[in-house]
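What follows is a set of notes on a single structure, which appears directly below.
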Amino acid sequence: MIKRPARIVAHQPQLSRWPIGHQVRIAILSDLHACPRWMPLEAVEGAVAQTNAIGADLIFLPGDFPGHLPFSRPLEPASVVNALAQLRTPFGVYAAMGNHDWKDDPSARKSRAASTKWHDALEGVGIPVLSNQNIRLKSGDMELALVGLESQRAFGKWRRAGRSADDVERALDGIPAEMFTIMMAHEPDIFQVSDRRVDLTVSGHAHGGQIRLFGRP
Ligand SMILES: [Fe+2]
């Protein structure tokens, strides 16, 4: 069992098109990689309690829920999502999926199904999974778009044609040009190509590091 609390990193980006007259606090809980030996259920529950203590307006879960570490098997989705269902926030909890969510469901990956057991489990406890789709978040007269991109490495180790499940055009479909837009994508690969339609990008996957060696991110 992990006895330390999870590491919290705070950022305060200055966003020129930010449409709201006050600050909004977004908590991002990513890459849980839940598994009994390294990230047991108690540690997931601890991270949920820490996140709730932040008092965020919104919570994003950008993927990689199951563990994949040596000598340990992933936790089953039901126990992890039941812990995540305890997250509390006034404007909602939203998820996007990562490479390991697909890897943990070989039959869905092989058949290129529309969803994995992790998608289904999250939706089952009322946490929407944004899979190449967008929604509007409204508060009073403010409105912004939240986009969730499907994993860019769903069907292979690297982001290549035919190995990705992401569809940027479909994900952004219907968002007015003037609307402030946040995109959540598990892998940050997509953000190397700047897209003027997106104001703020959020990802996980890099586990705190973002480097490129020999052309690979
Ligand atoms: Fe990942």
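The values are calculated or read from the model by the stated rules, or taken from the named source; none is laboratory data. Keep in mind it's a predicted model, so treat the numbers as computed, not measured. Cβ sites come from the backbone with ideal geometry, for glycine too, and all protein chains shown count toward neighbours. What goes into the accessible areas is simple: the full protein's heavy atoms, side chains included, and nothing from ligands, DNA or RNA. Shrake-Rupley method; radii C 1.70, N 1.55, O 1.52, S 1.80 Å.
How many lysine pairs in the stretch 26-202, separated by 8 or more positions in sequence or lying on different chains, have Cα atoms less than 29 Å apart?
Qualifying lysine pairs in the stretch 26-202: 4.
For THR89, tell me the accessible area in Å² from a 1.4 Å probe, rounded to the nearest 10.
Counting only protein heavy atoms, the figure is 30 Å².
What do you reckon, how do PHE60, PHE214 stack up by accessible area (1.4 Å probe), largest on top?
Per-residue accessible area, sorted high to low, gives PHE214, PHE60.
When all protein chains stay in place, what accessible area (Å², nearest 10, 1.4 Å probe) is found for HIS119?
About 10 Å², rounded to the nearest 10.
How do ASP195, ASP173 stack up against each other in accessible area, from largest to smallest, with a 1.4 angstrom probe?
ASP173, ASP195
Provide the gained length on full extension for the span MET142 to ASP173, in nm with one decimal, where the gain is 0.36 nm per separating residue minus the Cα-Cα distance.
In short, 9.2 nm is gained.
Nothing charged except the Cβ atoms of Lys and Arg (+1) and of Asp and Glu (-1): what's the magnitude of the dipole of the chain about its Cα centre? Round to the nearest 20 debye.
The calculation lands at about 740 debye.
Which whole-number value in Å² is the accessible area per residue of the chain, probe 1.4 Å?
Averaged over the residues of the chain, the accessible area is 55 Å².
Residues with amide H under 5 Å of THR201's amide H, sequence separation 5 or more or different chain, H placed in the peptide plane at 1.01 Å from N; which?
Amide H to amide H, under 5 Å and 5 or more residues apart or across chains, THR201 pairs with MET183.
Rounded to the nearest 10 Å², what accessible area does LEU144 have for a 1.4 Å probe in the complete protein model?
Number for this one is 10 Å².
What 222 nm value per residue comes from the helices of the chain, counting each DSSP H run with n ≥ 4 as -39,500 (n - 2.57) and dividing by all residues, nearest 500 deg cm²/dmol?
-5500 deg cm²/dmol
What's the extension gain from ARG163 to ARG197 if we count 0.36 nm per residue and subtract their Cα-Cα distance? Write down the numbers at each step before the final one.
Details: separation 34, 0.36 × 34 = 12.24 nm, distance 2.44 nm.
Extra length from ARG163 to ARG197 when fully extended: 9.8 nm.
Taking all pairs of distinct Cα atoms, average 1/r, flip it, and tell me the Kirkwood hydrodynamic radius of the chain in Å to one decimal place.
17.8
So what's the gap between the Cα centers of the stretch 107-171 and the stretch 17-92, to the nearest angstrom?
So the separation of the two Cα centres works out to 17 Å.
In nanometres, what is the gap between the two model label sites at SER111 and SER72, each 7 Å from Cα along Cα-to-Cβ?
Going by the 7 Å Cα→Cβ label model, 3.1 nm.
Rank these by accessible area, largest first, 1.4 Å probe: ARG109, ARG196, ARG153. Please list the in-between numbers first.
On the way: ARG109 70, ARG196 230, ARG153 15 Å².
Descending accessible area places them as ARG196, ARG109, ARG153.
What is the percent carbon and sulfur in the accessible area of the stretch 26-202, measuring with a 1.4 Å probe over the protein chains and ignoring ligands?
So the carbon and sulfur contribution to the accessible surface is 51 percent.
Given labels modelled 7 Å from the Cα in the Cβ direction, how far is it in nm from LEU15 to GLU42?
Output for this residue pair reads 3.8 nm.
If r is the Cβ-Cβ distance from ILE135 to ARG4 and R0 is 35 Å, what FRET efficiency results, to the nearest 0.05?
Result of the calculation: an efficiency of 0.50.
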